[in-house]
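Below is one structure, written out as structure tokens; the observations come after it.
The values are calculated or read from the model by the stated rules, or taken from the named source; none is laboratory data. All values reported here derive from a predicted model rather than from experimental measurement. Cβ coordinates were reconstructed from backbone atoms using ideal geometry, including for glycine residues, and neighbour counts include every protein chain displayed. Surface accessibility is based on the protein's heavy atoms, side chains included, excluding ligands, DNA and RNA. Shrake-Rupley method; radii C 1.70, N 1.55, O 1.52, S 1.80 Å.
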Amino acid sequence: MDVDRGIRVAVDTGDVTLGSEKSIQSLKLGKGQLVVVAQNAPKDILEDVEYYARLSEIPCHVYDGTSVDLGSVCGKPFTVATLIINDPGDSTILDDLR
């Protein structure tokens, strides 16, 4: 299963938090199983996400595409710089990226 399909299945069948502010809040609380960051996310957001992901021991994946691409993969009509997968649902993305 490729990453795009895994993200889409997780969004459709699981529990996903979209947005950099909410993602960073979740990381600070140690919630989530995987964080995905768009390749073109602002540098300060990328640094914060990677820092808090390391502290929380949550894997961080840099998505090979822009925030526009990530938004369309999620089926949203807006850009998505970061997202946290809390529950993958029927997706095997956690196994694919580990």
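Return a single number: how many Lys pairs in the chain, at a sequence separation of 8 or more or on separate chains, have alpha-carbon atoms below 20 angstrom apart.
The number of close lysine pairs in the chain is 4.
Can you give the accessible area per residue of the chain, in Å², using a 1.4 Å probe?
Roughly 55 Å² per residue, with all protein chains present.
Put +1 on the Cβ of every Lys and Arg and -1 on every Asp and Glu Cβ in region 3-87; which of A41, I58, P77 then has its Cα farthest towards the positive end of the dipole?
The residue sitting farthest along the positive end of the dipole is P77.
Tell me the chymotrypsin sites (Phe, Trp or Tyr not before Pro) within region 1-87 that lie in a loop according to DSSP and have at most 16 other beta-carbon atoms within 10 Å.
Taking region 1-87 and a limit of 16 other Cβ atoms within 10 Å, the loop chymotrypsin sites (Phe, Trp or Tyr not before Pro) found are F78.
Using modelled backbone amide H atoms (1.01 Å from N, in-plane), which distant-in-sequence or interchain residues come within less than 5 Å of V62's amide H?
Distant-sequence amide H within range of V62: V37.
Could you tell me whether region 3-87 comes out rounded, prolate or oblate from its Cα gyration tensor? Rule is a ≥ b ≥ c as square roots of the eigenvalues, rounded for a/c under 1.5, then prolate if a/b exceeds b/c, otherwise oblate.
Oblate, since a/c reaches 1.5 and b/c is not below a/b.
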